[in-house]
Amino acid sequence: MAEKENDIQGTKWSKTIMRGRLKGAQRHKLRKLLHMKYRPSELAEEIAVNIEWIYKIYIPLGCPHERDDKEYIWIVGAEFCEWYLEMYRTQKLAANEGYCVSCKRPVAIVDPEKHNKDGLIYLLSQCPDCGKTVAKILHQKRRSGK
């Protein structure tokens with residue numbers, strides 16, 4: 001029973017984490033934050049996200065913040081940027097892993113089939129959890145500009 005609750009809790013948090021991903025332009029704005037205190041509304045405006053993301057995603061995930069004597073929340077811009085980049089860093093896959101877009105996590109590649117199409121070499125396998133097809137690109141020849 002406890003294992004099932006931990007799994008459900010893990011799934012809930014992974015969905016919360018995925019909801020908080022920023023797009024390229026937003027990540028670029030994130031790097032321009034100053035080392036000063038921002039209110040959640042100011043921070044949301046600076047990085048072009050909904051203010052609810054700050055309260056419902058980032059703060060519950062452990063975003064560095066502090067409360068003053070009036071219980072207002074303050075977030076230091078540079079610390080938030082460092083926290084975000086660490087929290088949402090790109091995942092490196094092992095040689096025997098692929099990324100299941102259905103499960104939204106790395107999974108082991110089992111009984112892969114090697115394919116080659118137009119210079120693209122890739123493996124196809126089945127996700128051990130959901131059964132959907134998982135692809136992993138091994139090599140891609142560069143196209144010559146004609």
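No value in this document is a laboratory result; all are computed from the given coordinates. Note that the coordinates shown come from a computational prediction; the quantities given were computed from them, not determined experimentally. Using ideal geometry, Cβ is built from the backbone for each residue, glycine included, and neighbour counts are taken over all protein chains shown.
Extension gain S41-Q26, at 0.36 nm per residue separation less the Cα-Cα distance, in nm? Walk me through the numbers on the way to the answer.
Working: separation 15, 0.36 × 15 = 5.40 nm, distance 1.53 nm.
Roughly 3.9 nm would be gained on extension.
Determine the alpha carbon to alpha carbon distance for each of K56/K132; K37/K70; K29/K70 and list only those over 24 Å.
On the way: K56/K132 31 Å; K37/K70 15 Å; K29/K70 29 Å.
Distance filter (> 24 Å) returns K56/K132; K29/K70.
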Amide hydrogen neighbours beyond the local backbone of V134, cut-off 5 Å, H modeled: S125, Q126, C127
Neighbour-count ranking for V107, V134 (other C-beta within 10 angstrom, fewest to most) reads V107, V134
For E97, other-chain or 5+-apart residues with amide H closer than 5 Å (H placed, Pro excluded) are I109
Relative contact order of segment 97-140: what whole-number percent is it, with Cα pairs under 8 angstrom and at least 6 residues apart? 36 percent
